[in-house]
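Single-structure report; data block below.
The values are calculated or read from the model by the stated rules, or taken from the named source; none is laboratory data. The shown structure was predicted, so the numbers you read here are calculated from the model rather than taken from an experiment. Here the Cβ positions follow ideal geometry from the backbone for every residue, glycine too, while neighbour counts run over all protein chains shown. Side chains are part of the model used for accessible areas, which takes the heavy atoms of the whole protein and leaves out ligands, DNA and RNA. Shrake-Rupley method; radii C 1.70, N 1.55, O 1.52, S 1.80 Å.
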Amino acid sequence: MSSAIVPTYARVDLTFERGDGCWLTTVEGERYLDFGAGIAVVSLGHSHPHLVETLALQGGKLWHTSNLFQMPEGERLAKRLADASFADLVFFANSGAEANEAAIKMARRRHYVDGHSERYRILTFEGAFHGRTLATIAAGGQAKYMEGFGPKVDGFDQIPITDAAAVEAAITPETAAIMIEPIQGEGGVRVVSPAFLRALREICDRRGLLLIFDEVQTGVGRTGKLFAYENVGVTPDILTSAKGLGGGFPVAACLATADAARGLTAGVHGTTFGGNPLAMAIANAVLDVVLAPGFLENVARLGLLAKQKLAALADAHPHVIQEIRGEGLLIGLKTRIPPGDFAGFARGQKMLTIPAGDSTVRLLPPLNISDSELDEALRRLDSACVDAEKAADSAKAAA
């Protein structure tokens, strides 16, 4: 039977009907170890009891009223995020792309209210991924996402991640902000050096620019801190978060200092669904777990342990794995075979991984995985590497 869904996804022929923690079960009853977590979304695993309880409780009370009325759960969530970060103010949305759109508008509007409407351009970096809207694909700058959608939205300038001198040279009198992912997730789990991020902060301070961190993938504990900027000691003016913030429920946030956000006043920006009671209750439940004593420290411990074990795996299979990348539980395996092929070999071992750019496969398990589940993942990855090696040997023999 043909599908009525627009065919924009090359879906794997797997259908899951339930999940429990790090595990997904297909309609046929096969269990898969989930190291994709819905592309870093299912931050606390599938069917987490606290999230399920919160969903049922809030779902039985109130789902949506619109932002024409007070949102107590949203006020609570915003205060918790602000108290746990650099931010003074938070704008809630539904997706990472929407949070990034809010950040872009916030930066432009901030210069506009200061009498500098000419300052609207955002400096971004090659290999970035900021979303799928017309503005955010322009911000990301990757031709494969922009092809066929008409002229590129104006206002974005991309340069390679090189050095401070290249950044200085790219800044013009029209530049409003610099936007960067502390770790390029879709781009191949490429960690941006702390020295480069510190240089960006210094340049922004000196040139009167706003620094935007896209932490849609790195945020909410993924790197062992609530947000990745804490790992490098560089504080942005604006930060975007989504994915893991709702533990699987669509919710996003744009965090900012009061100064950066002062151009966004009543009526300037908005959303119908963003900040609704159901989303806010669930995001608060996620923070209940992530901000509990010892949780983030354990993520950092697991991330270090995983990288140590994966380094040994790479040593054992040098013809399959070239490099281990990442921080915390945002880990990349740069492979010597196409990442889609490696993900296929992993699925053959009943394990889910996420292909990315730069010949990289992402490992993005729920943040509350156990040590034993990590060991099981390494066993399955080892078997996947063996399968890849056997396939390569067979191909050579056939040739």
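Residue 168 to residue 62: extension gain in nm, 0.36 nm per residue of separation minus the Cα-Cα distance? Intermediate results must be reported in sequence, preceding the final value.
Numbers: separation 106, 0.36 × 106 = 38.16 nm, distance 5.01 nm.
Net length gain for the segment: 33.2 nm.
Evaluate E = 1/(1 + (r/R0)^6) for residue 301 and residue 9, where r is the Cβ-Cβ distance and R0 equals 30 Å; express this FRET efficiency to the nearest 0.05.
0.30
For the chain, with all protein chains present and a 1.4 Å probe, just round the carbon and sulfur fraction of the accessible area to a whole percent. Before the final figure, lay out each step's value.
On the way: 9780 of 17630 Å².
About 55 percent, which is the carbon plus sulfur part of the accessible surface.
If you average the alpha carbon positions of segment 1-16 and of segment 345-373, how far apart do those two centres end up, in angstrom?
Distance between centres, Cα-based: 21 Å.
How much accessible area per residue does the chain have, counting only protein heavy atoms and a probe of 1.4 Å, in square angstrom? Let's see the in-between values first.
On the way: 17630 Å² over 399 residues.
With all protein chains present, the chain gives 44 Å² per residue.
Which of the chymotrypsin sites (Phe, Trp or Tyr not before Pro) found in segment 1-104 are loop residues per DSSP with 10 or fewer other Cβ atoms within 10 Å of their Cβ?
Numbers: sites: 9, 16, 23, 32, 35, 63, 69, 86, 91, 92; in loops: 9, 35, 63, 69, 86.
Here the sparse-neighbourhood loop sites are 9, 69.
Just to be sure I understand: with springs between alpha-carbon atoms less than 10 Å apart, which residue in 226, 81, 57 has the highest mean-square fluctuation in the Gaussian network model of the chain?
Its mean-square fluctuation being the largest, the pick is 57.
Work out the P(r) tail for the chain: percent of alpha carbon pairs separated by more than 31 Å, whole number.
39
Where q = 0.09, 0.11, 0.15, 0.20 Å⁻¹, what log10 of I(q)/I(0) comes from the Debye formula for segment 1-115, counting one point per Cα?
Summing over Cα pairs of segment 1-115 leads to -0.44, -0.64, -1.05, -1.29.
So if I take the centroid of the Cα atoms in segment 140-193 and the same for segment 318-341, what is the distance between those two points in Å?
So the separation of the two Cα centres works out to 24 Å.
Regarding segment 109-177, what whole-number volume in Å³ per residue does the convex hull of its Cα atoms give?
That works out to 92 Å³ per residue.
Could you give me the percent of Cα pairs per 5 Å distance bin for segment 218-296, shortest bin first, beginning at zero and ending with the bin that holds the maximum distance?
3, 14, 20, 23, 20, 15, 5, 1, 0
Distance between the C-alpha centers of segment 37-59 and segment 239-275? Whole Å please.
Using only Cα atoms, the two centres lie 21 Å from each other.
List the aspartates and glutamates whose alpha-carbon lies under 12 Å from that of residue 225, not counting same-chain residues fewer than 8 positions away?
215, 297, 327
So what is the calculated 222 nm ellipticity per residue for the chain, using -39500 (n - 2.57) for each DSSP H run with n of 4 or more, over all residues, to the nearest 500 deg cm²/dmol? If you can, show how the numbers build up before the last one.
Numbers: 13 runs with 155 residues, N = 399.
Mean residue ellipticity, 222 nm, calculated: -12000 deg cm²/dmol.
Checking the table 105/243; 105/334; 79/309; 144/396; 79/243; 61/243 against a 30 Å threshold on Cα-Cα, which pairs fail?
Pairs exceeding 30 Å: 105/334; 79/309; 144/396.
Quick one: of the DSSP bridges fully inside the chain, what percent are antiparallel, nearest 5?
Here the share of antiparallel DSSP bridges comes out near 65 percent.
Any idea of residue 147's accessible area? Nearest 10 Å², probe 1.4 Å.
150
Can you list which of the DSSP-assigned H helices in the chain have a Cα extent of 24 Å or more along the long axis and an average Kyte-Doolittle score of at least 0.5?
Correct list, ordered by number: 295-316.
Restricting everything to alpha-carbon atoms, can you work out Rg to Rh for segment 244-399 with a Kirkwood hydrodynamic radius?
With Rh from the inverse mean 1/r over Cα pairs, Rg/Rh is 1.11.
Quick one: accessible surface of residue 80, probe radius 1.4 Å, all protein chains present, in square angstrom to the nearest 10.
So the heavy atoms of residue 80 present about 50 Å² to solvent.
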